[in-house]
């Protein structure tokens, strides 16, 4: 058999070679000619898996090492008899770390403690659920909006989008990109949405760029309709709006989910999916030798400090979002290179927090985030 694999997917080289001919290529060079004789593709979001790529090929299975699958034409695949799988939740911990760093940095720079503020979460899947837990750890009031889940589970845990628009101090979006239908999310945040908010909230987009109408959010920032915008996802990537970038509180190159842990999870789920489909005997495969940061012990002295400042120091020691913001602002034309050459980032469980003079409730919050604790 033949498998075509995006060459940016880590930890996968050598896995399938004993059972298949394997071709590694950049997504941009994954062409109809290359996939014509392939049995499987293992890909990422930059490869459009549609009739143009797949028509007349022998592809039977596509695995994408990503949460999102809007790059897969699922209707065409169904007609063509091609099965596919994504990696739901693979980078949920990475996005949680990104949001934690962003929120704690914003609170510190704006002198606006998070405790007691209202956090609205739009989209409560694997990632949104993690962010809800983060909000609770930070002492925030958390509002959840997820119409598909609400239809199945009932309204008990959920509120309307109108309630979030009216009451939230911070609104973060974790929805898939749905272009049409009852749960369409394309340009969900548009001029109407922005005109109907009860406060001037901080908005965060770390899901899909097209969820936000770029001119509308740009004007809202410039007119102080919102207090700030944190953008990781952009319309027309990699040709992003420089006007919008320059108005953002934080601007990053679509890397919220780019921890080594998240990438390893995506690879693991893809390998296992291909193995199950073709009965290759790798259903329990795990990636090995995941890179570690230079320093994995965070030493914190909490004497005379409040809990949020301690949490801020710990979180930023694992991931300081300002480095990605500065990298993008200094080279927006290098958007794809910044993603492709992304440095080592590990999630909270890779770190030990060595604590002195830190109250037990704060130590417990760090433990809940995933840190190992050393007292």
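Every read-out reported here was derived from the displayed coordinates using simple, explicitly stated rules and does not represent laboratory data. None of the values given here were measured: they were computed from a predicted structure. When we count neighbours, we look across all protein chains shown, and the Cβ atoms used for this are built from the backbone with ideal geometry, even at glycine.
Assorted remarks:
- Order by protection proxy (mean Cβ within 10 Å, highest first), peptides 115-126, 202-213: 202-213, 115-126
- Mean separation of Cα contacts under 8 Å, 6 or more apart, over the residue count of the chain: relative contact order %: 14
- Legend: translational diffusion of segment 107-181 by Stokes-Einstein, Rh = Kirkwood radius over C-alpha pairs, 37 °C, 0.692 mPa s; D = 255 µm²/s.
- Gyration tensor over the Cα atoms of segment 1-151: the corresponding equivalent ellipsoid has semi-axes (square roots of 5 times the eigenvalues, largest first) of 39, 18, 12 Å.
- Taking other C-beta atoms within 10 Å as the exposure proxy, 259, 275 rank 275, 259 from fewest upward.
- Above 13 Å, the calculated P(r) of segment 214-283 contains 71 percent of its Cα-Cα pairs.
- Calculated [θ] (222 nm, deg cm²/dmol) that DSSP helices of n ≥ 4 give over the chain, each run adding -39,500 (n - 2.57): -10500 deg cm²/dmol
- Centroid-to-centroid separation of segment 1-51 and segment 61-96 [C-alpha atoms, Å]: 14
- Angle between the chain longest axis and helix 126-137 axis [Cα atoms, degrees, rounded to 10]: 20
- Efficiency of FRET between residue 295 and residue 157 - r from beta-carbon atoms, R0 41 angstrom, step 0.05: 0.55
- For peptides 169-178, 344-353, sequence by mean Cβ density within 10 Å, most packed first: 169-178, 344-353
- Quotient of C-alpha Rg and 2.2 N^0.38 Å, computed over segment 92-251: 0.96
- Convex hull of Cα atoms in segment 271-375, direction-averaged projection (nm²): 9.8
- Rel. contact order, % - alpha carbon contacts under 8 angstrom, at least six apart, segment 36-142: 20
- Contact order normalised by residue count of segment 139-295, Cα under 8 Å, 6+ apart, percent: 14
- Cα Rg over Rh - segment 61-120, Kirkwood: 1.28
- Site pair residue 357 and residue 33 shows an inter-label distance of 6.8 nm when each label is modelled 7 Å from Cα along Cα→Cβ.
- Against the main long axis of the alpha-carbon atoms of the chain, helix 307-318 sits at an angle near 30°.
- Between the helical axis of 92-110 and the longest alpha-carbon principal axis of the chain there is an angle of about 30 degrees.
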